[in-house]
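Some notes on the structure that comes next.
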Amino acid sequence: MEAWEKIKKELVNIYKDTNDDPWITILNPLSFKDNSLILGVPDDFSLDWIKNHYHSDILKFARTVINDNTSVELVIDHREEIDIESKNIPKVGFTQLNNSKGLLKNYTFDNYVVGESNKFASAAAVAVSQNPGKSYNPLFIYGGVGLGKTHIINAIGNLIDDEHKGLNIIYITTENFVNDLVNHLRDRKMDIFREVYRNCDVLLIDDIQFISNKERSQEEMFHTFNTLYEEKKQIVFTSDKLPKEISNIEERLRSRFEMGLIADIQVPDIETKVAIIKKKAESDHIEIDDEIAFFLAYNTQSNIRELEGYLTRLSAYAILTKTKLNIHIAKEVLSGLIRKKDKWLTIEDIQKAVAMHFKIKVSDLLSSKRMKFISLPRQIAMFLSRTLTNASYPEIGLQFGNKDHSTVIHSVNKITEMIKDNQSIKDAVEKIKKGLG
Ligand code: ADP
Ligand code: MG
């Protein structure tokens, strides 16, 4: 499959400096139908591993190369015996865990943007990385989906790995912990399981909420926890639920989760989103100006993964069509994702919402009155029209009582600047935006 060769090339390219590219080479394209790319893998274990480590990158490139509705499915392909040894697949499981290798190397503090929403969690994470086992134990990081939990817990591991050479770090998702336990129970090798998990120096467990309902895993986690805790080994959990919200877990385990520090990651505010967009754009070598960055930031709900999806799409477009991005192109390229095309807000919607918020009349917004209590809302309304609709500067000017496009540009720039350091403007804009849906 020609498309697969292209996708594979991209993947091998990004993993070439790691030991990971052999994993990509065992993938076998089986079919592409109804936008679904089916890839075969040799066994359960590879399926799990690839799904957890590479699925999002595979999907990203599949969407870039094929189209953005493409989905990627992994299935076990029994037809062909793939000889894992001969393909030089890195060994996973215990040998790997013993070498602190479960960590996702791309997630570091260097590329983690800190803002109001995550400054507490990130300060706690840095503290724990500098003094593992000595500051907060366990550290329990809590936050919604796509807000950076996996990133931050891996950043902890990577920083410890850098600064405390030789420490034995295990990063594992709860799902894999459970699977690992099941496999060892089945093979009657629980002694090995315990030896590995109870002898590490740092245990990083991602998405602990998945331990709900899994009694045997809870028990094993409980004893692992106690052993490590007594020996002052660092334990970090992430979860999208607070300990008290995780259903069907034993009280004694819940109380262990609550013993140390619980740090939350909140939904990022606009500046943090803009900073994340800029950082990602920089590392992907795409040029994103302020206007595009604000447009993306305002049009995502809360999920940073969603933001990244938009950026990937923009960068693919810019690269494939060799076009320099601007706000029009960005809106066009993302219109299907952000809003259905016929569902863009209208400028009138925005004018009404702004007038209501500031308790003035829509006709004031369209007038040329210069009093500040009118001119500022007018500038905000122009800014929002620019950010939330498809309209050009002249079109916006026209709909604001036939003003010159330079007035609109001036207003948009002014509000863009004000939002950066004027809390009340920022709050007003966010509130109006929320009301608009
Ligand atoms: P979660 O595990 O909470 O669902 P992830 O850690 O997978 O979320 O984050 C989703 C994506 O957003 C990742 O690619 C991550 O790198 C990125 N991301 C999240 N928060 C930040 C941040 N503060 N700075 C930079 N990138 C971030
Ligand atoms: Mg995660």
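Worth a mention:
- Footprinting exposure proxy ranking of 108, 238, fewest other C-beta atoms within 10 angstrom first, gives 108, 238.
- Rounded to the nearest whole Hz, the Karplus-based 3J(HN,Hα) values (6.51 cos²θ - 1.76 cosθ + 1.60, θ = phi - 60°) of segment 418-425 follow the sequence 4, 4, 5, 9, 10, 4, 6, 5, with x at glycine and proline.
- Against the empirical curve 2.2 N^0.38 Å, the C-alpha radius of gyration of segment 254-360 lands at a ratio of 1.37.
- Normalised contact order of the chain, rounded percent, pairs of Cα under 8 Å and 6 or more residues apart: 12 percent
- Stokes-Einstein D for segment 188-271, Kirkwood Rh over Cα pairs, 20 °C, 1.002 mPa s (µm²/s): 154 µm²/s
- When each of 386, 305 is scored by the number of other beta-carbon atoms lying within 10 Å, the sequence from fewest to most is 305, 386.
- Proximal charge balance of residue 112 [Cβ under 13 Å; K/R count +1, D/E count -1]: +3
- Over segment 167-213: Rg over Rh, Cα atoms, Kirkwood Rh: 0.98
- Among 415, 26, the ranking by other beta carbons within 10 Å of each residue's beta carbon, starting with the fewest, stands as 26, 415.
- Looking at the chain alone, DSSP beta bridges between its own residues are antiparallel in about 15 percent of cases.
- Choice from 74, 204, 139 showing the highest fluctuation, given a GNM over the chain with Cα pairs closer than 10 Å: 74
- Volume of the convex hull of segment 292-436 (Cα atoms only), normalised per residue: 111 Å³.
- Mean Cα-pair separation over length for segment 341-437, i.e. relative contact order, pairs under 8 Å, 6 or more apart, %: 28 percent
- Debye-formula intensities of the chain, expressed as log10 I(q)/I(0) at q = 0.09, 0.11, 0.13, 0.14 Å⁻¹, are -0.69, -0.96, -1.18, -1.28 (one equal scatterer per alpha-carbon, no solvent).
- Rounded to the nearest whole angstrom, the semi-axes of the ellipsoid equivalent to segment 92-233, taken from the Cα gyration tensor as √(5λ), stand at 25, 17, 14, largest first.
- Greater than 20 Å apart at Cα, pairs in 105/233; 372/403; 149/431; 273/434; 149/189: 105/233; 149/431; 149/189
Every number here is computed from the coordinates shown, using simple stated rules; none is lab data. All values derive from a computational prediction rather than experimental measurement. Every residue, glycine among them, receives a Cβ derived from its backbone with ideal geometry; neighbour counts consider all protein chains shown.
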